[in-house]
Structures are given as C-alpha cells and as structure tokens.
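The values are calculated or read from the model by the stated rules, or taken from the named source; none is laboratory data. Predicted, not measured: the structure shown is a model, and the values here were computed from it. As a convention, Cβ positions derive from the backbone with ideal geometry for all residues, glycine included, and neighbour counts pool all protein chains shown. Each accessible area value is taken on the protein alone, full model and side chains, heavy atoms only, with ligands, DNA and RNA left out. Shrake-Rupley method; radii C 1.70, N 1.55, O 1.52, S 1.80 Å.
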Amino acid sequence: MRAFGFLSFGHYGGSPAQGGLSARQMLHDAVDISVGADELGVNGAYFRVHHYARQAASPMPLLAAVAARTRRIEVGTGVIDMRYENPLYLAEEAAALDLLADGRVALGISRGAPEAADRGWESFGYTGSTDPRGADIAMSKFEVFLQAIQGRPMTRAAAQPYMSDAAPHAPLRIEPQSEELIRRIWWGAGSRGTAERTGAQGLNLMSSTLLTEATGAAFGDLQAEQIDVYREAFRAAGHAHTPRVSVSRSVFPIVTEQDRRLFGMRPGEDSDQIGIIDDTRSTFGRSYTGEPDQLIDQLTADAAVMSADTLMLTIPSQLGVAYCTSILESFAKHVAPSLGWRPNWEGPVEGTAV
C-alpha cells in the first residue's frame, strides 16, 4: 500500500431537524470532507454511484466541485454504473473533468451493483438487454466509451459542417480530448474472470467490496489472488505502462471515546461474511476496528491491502464533516505510515510495475 483515500456512499435522508442529511447537505459535506482530506495528505476522494436511491447518483458535478476546491487529491468514482450511461456523453464529461482537474482523475466504472429499481436502466432509455443484470449493454457501451476517449471517430461531418473547421463528411471524434485519460480509467471487478479481462485491456483494477466467490479462504487472500490474475493478464498482453490497483475496506481507528462509542466492535463484524448476491454465493470483507497498533497488525496481514497500491476507506459520511475528517486524520497519523503510505504532497500515486 502506497496511498489511501476515502470512499463515500453519499447517503442522505431523514428529517434534517432530527439529524438527517438533505441531498444538498450531503453534497456540500462531500466537498468539505475532500478539502480536509486534501490538507491531511490523503491521496483520493472517491464516491459511489447509485440511481433511484438516497445517495450520490450523478458524480461529475460533485467531482468537478471537489477538483476546484482542492490541489493534490485524486478525484474519482467507485463505481459508475455503465448500464445507465450514454457512452459518448460520459466520454465528453470525463475528458472535461480530467482537464479541469489537471489529470487528478481515477474514474471507476463497472457493470453496476444490484440496485433499488427493477431494471432501472431501461427507464433511462437503455433497452434491449437480454441479461437480467444488464451486463451485456454495460460492456458494449463501455467499449464505445473507451474508443471515444482515445479519439476514435464516432460519426462523420455534415455536407456543410456548421460552425466547424471539419471538412465535409470527415470523420469526427468527441471533444474535448484528454490525451492520458485512458490511463486513469479503472474497472470495478468482482471475480477473477473480470480481473483477467481488465488486465488484458490494460485498464486499472478497482477490486470490489465483495467477490462473487466463496471458497472458504479469507477475503483478503481471495482478493490478492484476483490481483495476481489481473497483473499476469496485464503482463501477458504486453502493456508497457504501470497499472494501478485499489481495494476498499471499512477501517475505524479507536483513538477517542467517541470512536469507541460509535464503532466499538460488535459481534460478527470482525470476520468475513458469506452471502448471496445476483444469485451467486459471494464473500464480503470484514470491518477493521481497533486501537492503531491492532489495525497495523491486521492490515499488514491482509494480503490484498499490501498488494494494492491504493486503499479506499469507506466513511460514514452521514456523520458529518468533522467526524469523517477525524477518521481520516487518525488513520493518517497512527496507521498509514506503518503500511507504506506516501502523502499526496510527495507526488501522484505510483502503481506496481509488472
């Protein structure tokens, strides 16, 4: 592990009078947490994307606002649900964001997680999927997105191009283009097969918070095997650049009495969980809660955390700016240095050469 960031689900709801967050407050808090994290040396601010739910849904305005208020921190998603996206519009937005952020983008994309809506992507106008999970349209749209951000022609100019210097009927690419954006695209993988495909494509790997495997092995060991498969596929494909790998964990250092009151260990939270998701037996990672020295020992023993270059800490964003910033500060001061952390002022995060 060289870097850590926070991963926010952006939950809101309930009565503000009773302490619940409105959508407006959640978004403003997300920016303020990012500003505080940037000042602490935290390397990344990442946001989950879910539709038809009271949590973050449309990431580009939020990421642009975070980029405008910060100097060094990486801004990104974990992950954008490709089933709901227009690939060319997403390509335009992503390139514009990357240019505004001066290359501080880590855009995680995937097929998408189980959701609140029944085939909700169809209400956005994306029909024709023969897969009940929509994986087929997600993958076809992702391929178009990748072509678009690499400057491939997407259409042709009109016979008399209006307000354009294009020649009649000339091939046209989307604009703007950000030359290195392709190096900042991550695929959210929950299986070895998906990790292998991601490596072959030369993309970065954002290993999921759950794995669609349950062999009895520890979550960290399963995830480390997935990372190995990814890197071997990357190497075999002959890619010359250095890839990035991230994993996410719930980690709560117990430093204050408030920490102990809110996150003192509860039965069952100190071990991996097995469950069914998308009709597949899956493994969910454990939470890490304890004194800093305990966390150092536990995270050092987590093979995936030590194999990845970036650790994303899930934060309880509904608890507000001050408390979420204190979690990040405690991790930065008392835990991260022993795991190999390099603060953001030391420069951009580097991956592991394969």
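Filter segment 215-239 down to residues that are more than 19 Å from the chain's Cα centre (by Cα) and at pLDDT below 95 and give me whichever is surrounded by the fewest Cβ atoms within 10 Å (Cβ to Cβ).
Per the stated criteria, the residue is 216.
Could you grab me the full set of residues in segment 152-182 that are within 17 Å of residue 202 (Cα to Cα) and either exposed (fewer than 12 other Cβ atoms within 10 Å of the Cβ) or out of contact with any strand residue (DSSP E or B) (no Cβ under 9 Å at 6 or more places or on another chain) (or both)? Working first, answer last.
Kept after step one, since they are within 17 Å of residue 202 (Cα to Cα), are these residues of segment 152-182: 179-182.
Selection gives 179, 180, 182.
When the residues of segment 31-60 are narrowed to those that are without any contact (Cβ under 8 Å) to a residue 24 or more places away in the chain and in a helix (DSSP H, G or I), which ends up farthest from residue 206 (Cα to Cα)?
Among residues in segment 31-60 that are without any contact (Cβ under 8 Å) to a residue 24 or more places away in the chain and in a helix (DSSP H, G or I), the one farthest from residue 206 (Cα to Cα) is 39.
In contact with a His (Cβ under 7 Å, 6 or more places away or on another chain), small (Gly, Ala, Ser) and free of Cβ contacts under 8 Å to residues at least 24 places away in the same chain: is that true of residue 157 in this structure?
Details: in contact with a His (Cβ under 7 Å, 6 or more places away or on another chain): yes; small (Gly, Ala, Ser): yes; free of Cβ contacts under 8 Å to residues at least 24 places away in the same chain: yes.
Considered against the rule, which asks whether it is in contact with a His (Cβ under 7 Å, 6 or more places away or on another chain), small (Gly, Ala, Ser) and free of Cβ contacts under 8 Å to residues at least 24 places away in the same chain, residue 157 comes out as yes.
For residue 115, state whether it is open to solvent by 30 Å² or more (accessible area, probe 1.4 Å), in contact (Cβ under 8 Å) with a residue 40 or more places away in the chain, acidic (Asp, Glu) and closer than 19 Å to residue 186 by Cα. Write out each step before concluding.
Numbers: open to solvent by 30 Å² or more (accessible area, probe 1.4 Å): yes; in contact (Cβ under 8 Å) with a residue 40 or more places away in the chain: yes; acidic (Asp, Glu): yes; closer than 19 Å to residue 186 by Cα: no.
No.
Checking residue 274 against (1) modelled with pLDDT under 95; (2) of a type in the set (A, V, I, L, M); (3) open to solvent by less than 70 Å² (accessible area, probe 1.4 Å); (4) under 14 Å from residue 219 (Cβ atoms), which single condition isn't satisfied?
Just one mismatch for residue 274, condition (3).
Out of the residues in segment 59-93 that are more than 14 Å from the chain's Cα centre (by Cα) and among the small types (Gly, Ala, Ser), state the one that is most open to solvent (accessible area, probe 1.4 Å).
68
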